[in-house]
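Structure, as structure tokens:
Just so you know, all these numbers are worked out from the coordinates, no wet-lab data involved. Keep in mind that this is a model prediction, so the values were computed, not measured. Positions of Cβ are backbone-derived with ideal geometry, glycine not excepted, and every protein chain shown enters the neighbour counts.
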Amino acid sequence: MTHHLLLDASSLLYRAFHALPSSIRDEAGRPVGAVRGYLDMVARVRADRRPDVLVHVLDDEERPRARVAAWPGYKAERPAPPPELLEQFALLRELLAAAGERVAYAVGWEADDALAALAAAAAAEDTVEVLTGDRDLLQLVDDGGPVVRVLFTERGVSQLGTYDEAAVAERHGVPPARYADYAALRGDPSDGLPGVRGVGEKTARDLITRFGDLDGVLAGVQALPPRLAERLAHAADDLTAMREVVPVRRDVALTVEDTPADEGALAALAAERRLEGALARFLEARA
Ligand code: MN
Ligand code: MN
């Protein structure tokens, strides 16, 4: 019976980058605020949850080929990450390796998919907690066999919501197993996914509740008011594409890096990057 804490490091570092002032810098003037925020967040959650296993999970590819092939607009409009964030991804990788932390990713895929594969690999009696700011991961929530919960950064990085099946249903009106169908109907502008014109959260939820799933909705359009039926019929091809885009992939090949800790390198790096305080808190929470 193992308690896994899986960190969506890509999503969390991004959140920390935007939540913390860019004035936090090292001696050389390089920004380190996102890494400091990440280390502090992980320290707090680790101390609170006391997992047996903790894994930092990264995007390997933000726009996986299969998703882009199905929907060329997938994340196409996203601005390129600023260099100050990319540098901190490199710094985080270096720190985690020196600290002997476990890092995982799936070559060619997003952290979302690597997290899904890790959760799927847990034993039935295990508990898995996924810490993320990416609501796509609500798809993974499961009340048993193994238990999978999502700890969601509701605001900034300090306020966490805990999502079990009831909480997903309460917040979104659909069970986790139907979340992808609901998201396909609703769309997700931040990922470049349009959804169905005129269908927001409420209508998407009502449609899934009434017809059970996306197939049911598409089979049932003639029972709907003409305007909505027309919009759904018009979006049928897009919705088919969404089945390749929105669901997380549990079948991706994982790369897991377990680098032996190098205390000398870690201390030197922390000093150079003015991260001694955050690192001390991080290591204390691990003890
Ligand atoms: Mn993600
Ligand atoms: Mn995502």
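General observations
- Counting every other Cβ atom within 10 Å of each residue's Cβ, PHE89, PHE152 order from fewest to most as PHE89, PHE152.
- Length-normalised contact order for region 147-265 - Cα pairs under 8 Å, 6+ apart - percent: 17
- Amide hydrogen proximity for VAL130: with H placed 1.01 Å from N in the peptide plane, the residues at 5 or more positions away or on another chain lying under 5 Å are LEU6, ARG149, VAL150, LEU151.
- When the square roots of the Cα gyration tensor eigenvalues are ordered a ≥ b ≥ c, the ratio a/c for region 27-104 is 1.5 or more and a/b does not exceed b/c, which makes its shape oblate.
- For region 38-186, radius of gyration divided by Kirkwood radius, i.e. Rg to Rh on alpha-carbons: 0.96
- Cβ crowding within 10 Å ranks LYS75, LYS202 as LYS202, LYS75, fewest other Cβ atoms first.
- Amide H contacts under 5 Å for ARG25: VAL32, restricted to partners 5 or more places along the chain or on a different chain, H placed in the peptide plane at 1.01 Å from N.
- A dipole drawn for the chain from +1 and -1 charges on Cβ atoms has a positive end, and of PRO189, TYR179, ALA261 the residue lying farthest that way is PRO189.
- On Cα atoms only, tilt of 111-120 relative to the major axis of the chain in degrees: 90
- Counting only Cα atoms, region 185-287 measures 68, 28, 24 Å along its principal axes, largest extent leading.
- Near the amide H of ARG102, within less than 5 Å, lie the amide hydrogens of HIS56, all on another chain or at least 5 residues away, with H placed in the peptide plane.
- In terms of surrounding Cβ atoms within a 10 Å radius of their Cβ, LEU269, LEU214 rank from fewest to most as LEU269, LEU214.
- With respect to the chain, whose longest principal axis is taken over its alpha-carbon atoms, helix 83-98 is tilted by about 60°.
- Of the residues GLU244, GLU77, GLU94, the one that moves most in a GNM of the chain with alpha-carbon contacts below 10 Å is GLU77.
- Size of electric dipole in the chain: Cβ of Lys, Arg +1 and of Asp, Glu -1, about Cα centre, debye, nearest 20: 820
- For the chain, the Kirkwood estimate of the hydrodynamic radius, built from every pair of different alpha carbons, is 20.0 Å.
- Mean Cα-pair separation over length for the chain, i.e. relative contact order, pairs under 8 Å, 6 or more apart, %: 26
- Mean separation of Cα pairs under 8 Å and 6 or more residues apart, divided by the residue count, gives region 69-178 a relative contact order of 15 percent.
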